[in-house]
Amino acid sequence: MVNVPRIRFKHFSDAWEQHKLGDMLDRYEDPVETPHDGYERIGIRSHAKGVFHSYVEPGKELDTAKMHRVAADKFILNITFAWEHAVAITEEEDAGTLVSHRFPQFSFHKDLKSHFFKFLMLDRKFREYLELCSPGGAGRNRVLNINDMLKYKINVPSVEEQTKIGEYFDNLDNLITLHQRKSDETKTLKKYMLQKMFPQNGERVPEIRFAGFTGDWEQRKFSDFTWNAGKRNSQNLDLDPYAVTNDRGFIRQNEAHDEFGYMKDVDRKAYNIVMPNSFAYNPARINVGSIGYYEGTENVIVSSLYEVFQTADYVDDRFLWHWFKSDIFPKWIERLQEGSVRLYFYYDKLCECKMLMPSLPEQRKIAVTLDEIDNIITLHQCKCDELKSVKKYMLGNMFPENKG
(Lines give C-alpha, C1' and ligand atoms only; values in the text may rest on other atoms or scores of the structure.)
Protein backbone atom coordinates (compact mmCIF):
# COMPACT_ATOMS: atom_id res chain seq x y z
CA MET A 1 0.00 0.00 0.00
CA VAL A 2 1.31 3.43 -0.89
CA ASN A 3 1.52 6.38 1.48
CA VAL A 4 1.83 4.36 4.68
CA PRO A 5 4.83 4.16 7.05
CA ARG A 6 7.05 1.09 7.33
CA ILE A 7 6.45 0.87 11.09
CA ARG A 8 2.94 1.38 12.40
CA PHE A 9 0.86 0.81 15.52
CA LYS A 10 -1.61 -2.06 15.47
CA HIS A 11 -5.17 -1.51 14.30
CA PHE A 12 -4.22 1.31 11.89
CA SER A 13 -4.33 0.42 8.21
CA ASP A 14 -5.74 3.36 6.23
CA ALA A 15 -3.47 5.25 3.87
CA TRP A 16 -2.25 8.62 5.07
CA GLU A 17 -3.77 11.59 3.28
CA GLN A 18 -1.66 14.30 1.65
CA HIS A 19 -2.49 17.93 2.35
CA LYS A 20 -0.90 21.27 1.70
CA LEU A 21 0.42 22.78 4.90
CA GLY A 22 -1.69 25.87 4.27
CA ASP A 23 -4.84 23.72 4.37
CA MET A 24 -3.99 22.52 7.90
CA LEU A 25 -2.83 25.81 9.47
CA ASP A 26 -4.39 29.23 10.10
CA ARG A 27 -2.45 32.43 10.68
CA TYR A 28 -2.77 33.54 14.31
CA GLU A 29 -2.11 37.13 15.46
CA ASP A 30 -2.56 38.91 18.77
CA PRO A 31 -0.98 42.34 18.20
CA VAL A 32 0.02 44.60 21.09
CA GLU A 33 -1.68 47.93 20.41
CA THR A 34 0.18 50.31 22.72
CA PRO A 35 3.73 50.61 24.05
CA HIS A 36 4.39 49.15 27.48
CA ASP A 37 6.78 50.08 30.24
CA GLY A 38 8.33 47.70 32.73
CA TYR A 39 9.19 44.06 32.97
CA GLU A 40 8.11 42.41 29.73
CA ARG A 41 9.04 39.03 28.34
CA ILE A 42 10.31 38.76 24.79
CA GLY A 43 10.21 35.41 23.00
CA ILE A 44 13.21 34.72 20.80
CA ARG A 45 13.61 31.88 18.31
CA SER A 46 16.68 29.73 18.02
CA HIS A 47 16.82 26.64 15.83
CA ALA A 48 19.02 25.00 18.45
CA LYS A 49 17.09 25.93 21.61
CA GLY A 50 13.47 26.33 20.60
CA VAL A 51 11.55 29.19 22.22
CA PHE A 52 13.38 30.86 25.05
CA HIS A 53 12.97 34.13 26.90
CA SER A 54 14.96 37.25 27.64
CA TYR A 55 13.81 40.04 29.88
CA VAL A 56 13.69 43.80 29.67
CA GLU A 57 15.05 45.65 32.68
CA PRO A 58 12.35 47.10 34.97
CA GLY A 59 11.54 50.69 34.03
CA LYS A 60 13.00 50.39 30.54
CA GLU A 61 10.56 51.38 27.80
CA LEU A 62 9.72 48.62 25.37
CA ASP A 63 8.45 49.56 21.91
CA THR A 64 5.73 47.01 21.23
CA ALA A 65 4.27 48.70 18.14
CA LYS A 66 5.24 45.73 15.94
CA MET A 67 4.99 42.98 18.51
CA HIS A 68 2.52 40.17 19.10
CA ARG A 69 1.59 38.00 22.07
CA VAL A 70 2.41 34.33 21.91
CA ALA A 71 -0.31 31.76 22.58
CA ALA A 72 0.23 28.15 23.61
CA ASP A 73 0.05 25.25 21.17
CA LYS A 74 0.96 27.25 18.06
CA PHE A 75 3.42 26.66 15.25
CA ILE A 76 5.88 29.56 15.48
CA LEU A 77 8.87 30.33 13.29
CA ASN A 78 11.52 32.94 12.70
CA ILE A 79 11.21 34.11 9.09
CA THR A 80 14.83 35.35 9.16
CA PHE A 81 16.31 32.02 10.23
CA ALA A 82 13.71 29.54 9.02
CA TRP A 83 16.37 28.33 6.58
CA GLU A 84 18.22 27.08 9.67
CA HIS A 85 15.04 25.33 10.85
CA ALA A 86 14.17 28.01 13.41
CA VAL A 87 10.71 26.58 14.12
CA ALA A 88 8.90 25.32 17.21
CA ILE A 89 5.60 24.43 18.84
CA THR A 90 4.79 26.84 21.68
CA GLU A 91 4.10 25.50 25.17
CA GLU A 92 1.93 26.80 28.01
CA GLU A 93 4.95 28.52 29.56
CA ASP A 94 5.39 30.58 26.37
CA ALA A 95 1.89 32.08 26.50
CA GLY A 96 1.89 35.84 26.97
CA THR A 97 5.44 36.25 25.71
CA LEU A 98 5.93 39.18 23.33
CA VAL A 99 7.54 38.50 19.96
CA SER A 100 8.49 40.55 16.94
CA HIS A 101 6.20 40.55 13.90
CA ARG A 102 8.99 38.52 12.26
CA PHE A 103 7.86 35.53 14.36
CA PRO A 104 4.51 34.53 12.81
CA GLN A 105 2.27 32.02 14.58
CA PHE A 106 -0.16 29.48 13.16
CA SER A 107 -3.08 27.61 14.74
CA PHE A 108 -3.75 23.96 13.90
CA HIS A 109 -6.90 22.67 12.26
CA LYS A 110 -8.80 20.02 14.22
CA ASP A 111 -7.45 17.32 11.86
CA LEU A 112 -3.80 18.13 12.64
CA LYS A 113 -2.50 17.52 16.16
CA SER A 114 0.34 19.80 17.25
CA HIS A 115 2.23 17.02 19.07
CA PHE A 116 2.19 15.00 15.87
CA PHE A 117 3.30 17.93 13.72
CA LYS A 118 6.11 18.68 16.20
CA PHE A 119 7.84 15.52 15.02
CA LEU A 120 6.66 15.72 11.42
CA MET A 121 8.45 19.05 11.05
CA LEU A 122 11.75 17.31 11.92
CA ASP A 123 11.61 15.69 8.49
CA ARG A 124 14.74 16.39 6.45
CA LYS A 125 12.70 17.31 3.37
CA PHE A 126 10.77 19.92 5.34
CA ARG A 127 14.01 21.49 6.56
CA GLU A 128 15.33 21.55 3.00
CA TYR A 129 12.06 23.07 1.78
CA LEU A 130 12.31 25.89 4.33
CA GLU A 131 15.73 26.68 2.95
CA LEU A 132 14.42 26.72 -0.63
CA CYS A 133 11.65 29.09 0.46
CA SER A 134 14.21 31.48 1.99
CA PRO A 135 16.01 33.13 -0.94
CA GLY A 136 18.79 35.65 -0.48
CA GLY A 137 22.25 35.77 1.02
CA ALA A 138 22.93 34.87 4.65
CA GLY A 139 21.42 35.76 8.03
CA ARG A 140 18.95 38.63 7.84
CA ASN A 141 19.31 38.76 4.07
CA ARG A 142 17.37 35.48 3.85
CA VAL A 143 13.67 35.84 4.58
CA LEU A 144 11.14 33.02 4.41
CA ASN A 145 8.37 33.35 1.84
CA ILE A 146 5.45 32.19 3.97
CA ASN A 147 3.12 31.64 1.01
CA ASP A 148 5.64 29.28 -0.55
CA MET A 149 6.09 27.45 2.76
CA LEU A 150 2.35 26.86 3.05
CA LYS A 151 2.40 25.02 -0.30
CA TYR A 152 4.47 22.24 1.26
CA LYS A 153 2.65 18.89 1.21
CA ILE A 154 2.48 16.71 4.31
CA ASN A 155 1.19 13.19 4.86
CA VAL A 156 -1.36 12.99 7.68
CA PRO A 157 -3.10 9.94 9.24
CA SER A 158 -6.24 9.94 11.38
CA VAL A 159 -6.32 12.05 14.53
CA GLU A 160 -6.22 8.86 16.61
CA GLU A 161 -3.03 7.66 14.90
CA GLN A 162 -1.48 11.12 15.15
CA THR A 163 -2.14 11.07 18.89
CA LYS A 164 -0.47 7.66 19.31
CA ILE A 165 2.57 8.76 17.31
CA GLY A 166 2.87 12.04 19.20
CA GLU A 167 2.62 10.26 22.57
CA TYR A 168 5.24 7.71 21.52
CA PHE A 169 7.82 10.34 20.58
CA ASP A 170 6.94 12.50 23.59
CA ASN A 171 7.68 9.50 25.83
CA LEU A 172 10.97 8.92 24.00
CA ASP A 173 11.92 12.57 24.47
CA ASN A 174 11.03 12.36 28.17
CA LEU A 175 13.29 9.33 28.60
CA ILE A 176 16.12 11.04 26.73
CA THR A 177 15.73 14.12 28.92
CA LEU A 178 15.63 11.97 32.06
CA HIS A 179 18.86 10.14 31.28
CA GLN A 180 20.60 13.32 30.12
CA ARG A 181 19.57 15.05 33.34
CA LYS A 182 20.80 12.09 35.41
CA SER A 183 24.09 12.16 33.52
CA ASP A 184 24.48 15.91 34.07
CA GLU A 185 23.58 15.62 37.76
CA THR A 186 26.14 12.84 38.22
CA LYS A 187 28.79 14.91 36.43
CA THR A 188 28.05 17.71 38.91
CA LEU A 189 28.44 15.21 41.76
CA LYS A 190 31.76 14.03 40.27
CA LYS A 191 33.03 17.61 40.09
CA TYR A 192 32.01 18.16 43.72
CA MET A 193 33.69 14.96 44.89
CA LEU A 194 36.91 15.80 43.03
CA GLN A 195 37.02 19.06 44.96
CA LYS A 196 36.25 17.43 48.30
CA MET A 197 38.33 14.22 48.04
CA PHE A 198 41.60 15.99 47.17
CA PRO A 199 43.18 18.56 49.54
CA GLN A 200 42.59 22.15 48.43
CA ASN A 201 44.12 25.57 49.13
CA GLY A 202 47.22 24.48 51.01
CA GLU A 203 45.43 21.87 53.16
CA ARG A 204 47.17 18.55 53.84
CA VAL A 205 44.02 16.44 54.09
CA PRO A 206 40.79 16.38 52.02
CA GLU A 207 37.47 17.65 53.29
CA ILE A 208 35.79 14.28 52.68
CA ARG A 209 37.67 11.22 53.85
CA PHE A 210 36.90 7.54 54.39
CA ALA A 211 36.79 6.19 57.93
CA GLY A 212 40.00 4.57 59.15
CA PHE A 213 42.38 6.91 57.33
CA THR A 214 44.22 9.56 59.32
CA GLY A 215 47.35 11.64 59.03
CA ASP A 216 48.48 14.18 56.46
CA TRP A 217 48.89 13.38 52.80
CA GLU A 218 52.50 13.53 51.58
CA GLN A 219 53.66 15.91 48.88
CA ARG A 220 55.43 14.17 46.02
CA LYS A 221 57.05 15.44 42.85
CA PHE A 222 56.17 13.76 39.57
CA SER A 223 59.84 13.20 38.85
CA ASP A 224 59.91 10.93 41.93
CA PHE A 225 57.13 8.53 40.93
CA THR A 226 56.93 8.66 37.10
CA TRP A 227 59.37 7.87 34.32
CA ASN A 228 59.40 8.38 30.57
CA ALA A 229 58.19 5.05 29.19
CA GLY A 230 57.94 5.99 25.52
CA LYS A 231 60.36 4.27 23.16
CA ARG A 232 60.56 4.41 19.38
CA ASN A 233 59.24 1.53 17.30
CA SER A 234 62.69 1.23 15.73
CA GLN A 235 62.15 -2.41 14.68
CA ASN A 236 58.99 -1.46 12.76
CA LEU A 237 56.81 -3.86 14.75
CA ASP A 238 53.31 -4.37 13.35
CA LEU A 239 51.46 -2.87 16.32
CA ASP A 240 47.99 -1.35 16.37
CA PRO A 241 48.08 2.46 16.07
CA TYR A 242 46.16 4.38 18.73
CA ALA A 243 45.28 8.01 19.33
CA VAL A 244 44.39 10.01 22.45
CA THR A 245 41.23 12.12 22.35
CA ASN A 246 39.92 14.80 24.69
CA ASP A 247 36.71 12.98 25.55
CA ARG A 248 37.42 9.26 25.12
CA GLY A 249 41.08 8.90 26.01
CA PHE A 250 42.84 6.03 24.20
CA ILE A 251 41.04 4.85 21.06
CA ARG A 252 42.12 3.00 17.93
CA GLN A 253 43.39 5.44 15.37
CA ASN A 254 40.95 4.21 12.71
CA GLU A 255 38.15 5.35 15.03
CA ALA A 256 39.62 8.84 15.12
CA HIS A 257 40.44 9.05 11.40
CA ASP A 258 38.88 7.53 8.29
CA GLU A 259 40.38 4.49 6.57
CA PHE A 260 42.51 6.77 4.41
CA GLY A 261 43.97 8.46 7.49
CA TYR A 262 47.59 9.35 7.85
CA MET A 263 48.66 5.90 9.20
CA LYS A 264 48.30 4.32 5.76
CA ASP A 265 51.62 5.45 4.32
CA VAL A 266 53.41 6.55 7.48
CA ASP A 267 56.74 5.16 8.62
CA ARG A 268 55.74 3.32 11.80
CA LYS A 269 59.34 3.28 12.99
CA ALA A 270 58.90 6.94 13.95
CA TYR A 271 56.03 6.08 16.32
CA ASN A 272 56.27 5.50 20.06
CA ILE A 273 55.46 2.15 21.65
CA VAL A 274 52.96 2.24 24.50
CA MET A 275 52.99 -0.64 26.96
CA PRO A 276 49.96 -1.66 29.05
CA ASN A 277 49.30 0.49 32.12
CA SER A 278 50.84 3.60 30.60
CA PHE A 279 49.68 7.21 30.42
CA ALA A 280 50.05 9.19 27.20
CA TYR A 281 49.19 12.75 26.31
CA ASN A 282 49.51 15.34 23.58
CA PRO A 283 51.73 18.15 24.95
CA ALA A 284 49.98 20.67 22.66
CA ARG A 285 46.47 19.68 23.77
CA ILE A 286 46.87 18.57 27.37
CA ASN A 287 45.30 21.90 28.38
CA VAL A 288 41.98 20.69 26.92
CA GLY A 289 42.18 17.26 28.51
CA SER A 290 43.96 15.27 25.80
CA ILE A 291 45.37 12.56 28.07
CA GLY A 292 44.66 8.84 28.15
CA TYR A 293 45.46 5.69 30.12
CA TYR A 294 46.11 2.49 28.20
CA GLU A 295 44.62 -0.57 29.94
CA GLY A 296 45.09 -3.09 27.11
CA THR A 297 47.16 -6.27 27.31
CA GLU A 298 49.30 -5.84 24.15
CA ASN A 299 51.71 -3.09 23.17
CA VAL A 300 50.39 -0.43 20.77
CA ILE A 301 51.90 2.60 19.07
CA VAL A 302 51.05 6.30 19.15
CA SER A 303 52.34 9.37 17.37
CA SER A 304 55.87 10.39 18.30
CA LEU A 305 54.37 13.73 19.33
CA TYR A 306 52.87 12.11 22.41
CA GLU A 307 54.54 11.90 25.80
CA VAL A 308 54.31 8.44 27.39
CA PHE A 309 54.99 7.67 31.05
CA GLN A 310 54.41 5.07 33.77
CA THR A 311 54.22 5.25 37.55
CA ALA A 312 55.80 3.63 40.61
CA ASP A 313 54.15 0.76 42.49
CA TYR A 314 53.06 2.98 45.37
CA VAL A 315 50.80 4.99 43.02
CA ASP A 316 47.35 3.78 42.03
CA ASP A 317 46.95 4.80 38.39
CA ARG A 318 43.18 5.24 38.65
CA PHE A 319 43.71 7.60 41.60
CA LEU A 320 46.21 9.57 39.53
CA TRP A 321 43.81 9.57 36.58
CA HIS A 322 41.11 11.25 38.65
CA TRP A 323 43.65 13.78 39.96
CA PHE A 324 44.42 14.67 36.33
CA LYS A 325 40.70 15.36 35.87
CA SER A 326 40.43 17.54 38.97
CA ASP A 327 40.80 21.32 38.91
CA ILE A 328 44.30 21.04 40.44
CA PHE A 329 46.22 19.68 37.45
CA PRO A 330 45.06 22.39 34.95
CA LYS A 331 46.58 25.00 37.25
CA TRP A 332 49.97 23.28 36.95
CA ILE A 333 49.63 23.17 33.17
CA GLU A 334 48.80 26.87 33.00
CA ARG A 335 51.76 27.67 35.24
CA LEU A 336 54.40 25.53 33.50
CA GLN A 337 53.47 25.28 29.80
CA GLU A 338 55.81 27.09 27.44
CA GLY A 339 55.91 28.39 23.89
CA SER A 340 55.11 31.49 21.87
CA VAL A 341 52.43 30.98 19.22
CA ARG A 342 51.43 27.57 20.59
CA LEU A 343 51.90 26.41 24.17
CA TYR A 344 53.37 23.02 25.04
CA PHE A 345 53.56 20.93 28.19
CA TYR A 346 56.30 18.36 27.67
CA TYR A 347 57.21 15.55 30.06
CA ASP A 348 60.02 17.58 31.67
CA LYS A 349 57.37 20.11 32.72
CA LEU A 350 55.15 17.35 34.08
CA CYS A 351 58.09 16.26 36.22
CA GLU A 352 58.04 19.67 37.92
CA CYS A 353 54.44 19.19 39.09
CA LYS A 354 53.73 18.27 42.70
CA MET A 355 50.74 16.57 44.26
CA LEU A 356 49.58 15.47 47.68
CA MET A 357 49.25 11.72 47.95
CA PRO A 358 47.80 9.43 50.67
CA SER A 359 48.67 5.80 51.34
CA LEU A 360 48.07 3.26 48.57
CA PRO A 361 44.98 1.73 50.30
CA GLU A 362 43.40 5.21 50.57
CA GLN A 363 44.27 5.96 46.95
CA ARG A 364 42.50 2.79 45.88
CA LYS A 365 39.44 3.58 47.98
CA ILE A 366 39.15 7.03 46.40
CA ALA A 367 39.72 5.64 42.90
CA VAL A 368 37.01 2.98 43.29
CA THR A 369 34.49 5.57 44.49
CA LEU A 370 35.19 7.96 41.62
CA ASP A 371 35.19 5.07 39.13
CA GLU A 372 31.72 4.10 40.32
CA ILE A 373 30.51 7.65 39.71
CA ASP A 374 32.05 7.54 36.22
CA ASN A 375 30.24 4.26 35.53
CA ILE A 376 26.90 5.86 36.44
CA ILE A 377 27.65 8.79 34.11
CA THR A 378 28.54 6.37 31.31
CA LEU A 379 25.41 4.29 31.94
CA HIS A 380 23.07 7.25 31.61
CA GLN A 381 24.95 8.73 28.65
CA CYS A 382 24.92 5.39 26.80
CA LYS A 383 21.19 5.02 27.47
CA CYS A 384 20.64 8.57 26.27
CA ASP A 385 22.60 7.92 23.06
CA GLU A 386 20.78 4.64 22.53
CA LEU A 387 17.38 6.34 22.85
CA LYS A 388 18.47 9.09 20.44
CA SER A 389 19.37 6.38 17.91
CA VAL A 390 15.97 4.75 18.42
CA LYS A 391 14.26 8.11 17.90
CA LYS A 392 16.21 8.80 14.72
CA TYR A 393 15.36 5.35 13.35
CA MET A 394 11.67 5.62 14.25
CA LEU A 395 11.40 9.12 12.77
CA GLY A 396 12.67 7.61 9.54
CA ASN A 397 10.22 4.71 9.61
CA MET A 398 7.00 5.91 11.28
CA PHE A 399 6.29 8.54 8.63
CA PRO A 400 5.70 7.76 4.92
CA GLU A 401 8.29 9.16 2.55
CA ASN A 402 7.30 12.75 1.94
CA LYS A 403 7.46 14.03 -1.65
CA GLY A 404 7.11 17.64 -0.36
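Can you find even one residue in the range 222-240 that is assigned by TED's automatic domain parsing to the domain that holds Ser290, touching a Ser or Thr at 6+ places or on another chain (Cβ under 7 Å), of a type in the set (Ser, Thr, Tyr) and touching a residue at least 40 places away in the same chain (Cβ under 8 Å)?
Yes, the range 222-240 contains at least one residue that is assigned by TED's automatic domain parsing to the domain that holds Ser290, touching a Ser or Thr at 6+ places or on another chain (Cβ under 7 Å), of a type in the set (Ser, Thr, Tyr) and touching a residue at least 40 places away in the same chain (Cβ under 8 Å).
Could you say which residue among Tyr393, Tyr314, Tyr344, Tyr293 is hydroxyl-bearing (Ser, Thr, Tyr) and in contact with a Gly (Cβ under 7 Å, 6 or more places away or on another chain)?
Values: Tyr393 fails: in contact with a Gly (Cβ under 7 Å, 6 or more places away or on another chain); Tyr314 fails: in contact with a Gly (Cβ under 7 Å, 6 or more places away or on another chain); Tyr344 fails: in contact with a Gly (Cβ under 7 Å, 6 or more places away or on another chain).
Of Tyr393, Tyr314, Tyr344, Tyr293, the one residue that is hydroxyl-bearing (Ser, Thr, Tyr) and in contact with a Gly (Cβ under 7 Å, 6 or more places away or on another chain) is Tyr293.
Out of Val70, Val99, I need the residue that is in the same structural domain as Cys133 (by TED's automatic domain parsing), of a type outside the set (Asp, Glu), modelled with pLDDT of 65 or more and in contact with a His (Cβ under 9 Å, 6 or more places away or on another chain). Which one? Can you show your working first?
Numbers: Val70 fails: in contact with a His (Cβ under 9 Å, 6 or more places away or on another chain).
Result: Val99 is the single residue among Val70, Val99 that is in the same structural domain as Cys133 (by TED's automatic domain parsing), of a type outside the set (Asp, Glu), modelled with pLDDT of 65 or more and in contact with a His (Cβ under 9 Å, 6 or more places away or on another chain).
Give the residue that is surrounded by the fewest Cβ atoms within 10 Å (Cβ to Cβ), with candidates limited to residues of the range 313-344 that are among the acidic types (Asp, Glu) and in a helix (DSSP H, G or I).
The first filter runs over the range 313-344 and keeps only residues among the acidic types (Asp, Glu), leaving 313, 316-317, 327, 334, 338.
Filter once more, keeping what is in a helix (DSSP H, G or I): 317, 334.
Numbers: Asp317: 16, Glu334: 11.
Among those residues, the one meeting the criterion is Glu334.
Can you name the residue in the range 271-284 that is in contact (Cβ under 8 Å) with a residue 24 or more places away in the chain and surrounded by fewer than 19 Cβ atoms within 10 Å (Cβ to Cβ) and, of all such residues, is nearest to Gly230 (Cα to Cα)? Give the steps one after another, and end with the answer.
Our first condition is that a residue be in contact (Cβ under 8 Å) with a residue 24 or more places away in the chain; within the range 271-284, this holds for 271-275, 277-284.
This time we only want the ones that are surrounded by fewer than 19 Cβ atoms within 10 Å (Cβ to Cβ), so: 275, 277, 284.
Numbers: Met275: 8, Asn277: 12, Ala284: 17 Å.
Looking at residues that are in contact (Cβ under 8 Å) with a residue 24 or more places away in the chain and surrounded by fewer than 19 Cβ atoms within 10 Å (Cβ to Cβ), I get Met275.
Residue-by-condition table, conditions (1) part of a helix (DSSP H, G or I); (2) hydroxyl-bearing (Ser, Thr, Tyr); (3) surrounded by 14 or more Cβ atoms within 10 Å (Cβ to Cβ):
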{"site": "Leu356", "(1), (2), (3)": "no, no, yes"}
{"site": "Ile366", "(1), (2), (3)": "yes, no, yes"}
{"site": "Lys388", "(1), (2), (3)": "yes, no, yes"}
{"site": "Tyr393", "(1), (2), (3)": "yes, yes, no"}
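Within the set of pairs 6 or more residues apart or between chains, which connect a residue that is farther than 12 Å from Gly166 by Cβ inside the range 109-128 to a residue that is part of a loop (DSSP other than H, G, I, E, B) and of a type in the set (Ser, Thr, Tyr) with Cβ atoms less than 8 Å apart?
Correct list of pairs: Phe126/Tyr152.
Could you please let me know if Phe169 is of a type in the set (Phe, Trp, Tyr) and part of a loop (DSSP other than H, G, I, E, B)?
Numbers: of a type in the set (Phe, Trp, Tyr): yes; part of a loop (DSSP other than H, G, I, E, B): no.
No: the conditions fail for Phe169.
Being buried (at least 16 other Cβ atoms within 10 Å of the Cβ) and among the small types (Gly, Ala, Ser) is the filter; apply it to the range 70-94 and report the residue that is nearest to Asp26 (Cα to Cα).
The extreme case among them is Ala71.
Of the residues that sit in the range 199-216 and are closer than 13 Å to Lys365 by Cβ and of a type in the set (A, V, I, L, M, F, W, C), which one is surrounded by the most Cβ atoms within 10 Å (Cβ to Cβ)? Don't jump to the end; show me each part of the working.
Going residue by residue through the range 199-216, those that are closer than 13 Å to Lys365 by Cβ are 206, 208-213.
If we keep only those that are of a type in the set (A, V, I, L, M, F, W, C) as well, we get 208, 210-211, 213.
On the way: Ile208: 13, Phe210: 13, Ala211: 5, Phe213: 15.
Top of the filtered list is Phe213.
Filter the range 187-218 down to residues that are in a helix (DSSP H, G or I) and charged (D, E, K, R) and give me whichever is nearest to Ile377 (Cα to Cα). Steps first, please.
The first filter runs over the range 187-218 and keeps only residues in a helix (DSSP H, G or I), leaving 187-196.
Of the ones still in play, those that are also charged (D, E, K, R) are 187, 190-191, 196.
On the way: Lys187: 7, Lys190: 9, Lys191: 12, Lys196: 19 Å.
Filtering first and then ranking leaves Lys187.
Quick check on Val308: is it modelled with pLDDT of 95 or more, in a loop (DSSP other than H, G, I, E, B) and of a type in the set (A, V, I, L, M)?
On the way: modelled with pLDDT of 95 or more: yes; in a loop (DSSP other than H, G, I, E, B): no; of a type in the set (A, V, I, L, M): yes.
Against the criterion (modelled with pLDDT of 95 or more, in a loop (DSSP other than H, G, I, E, B) and of a type in the set (A, V, I, L, M)), Val308 does not qualify.
The values are calculated or read from the model by the stated rules, or taken from the named source; none is laboratory data. Fair warning: this is a prediction, and the values are worked out from it, not measured in the lab. As a convention, Cβ positions derive from the backbone with ideal geometry for all residues, glycine included, and neighbour counts pool all protein chains shown.
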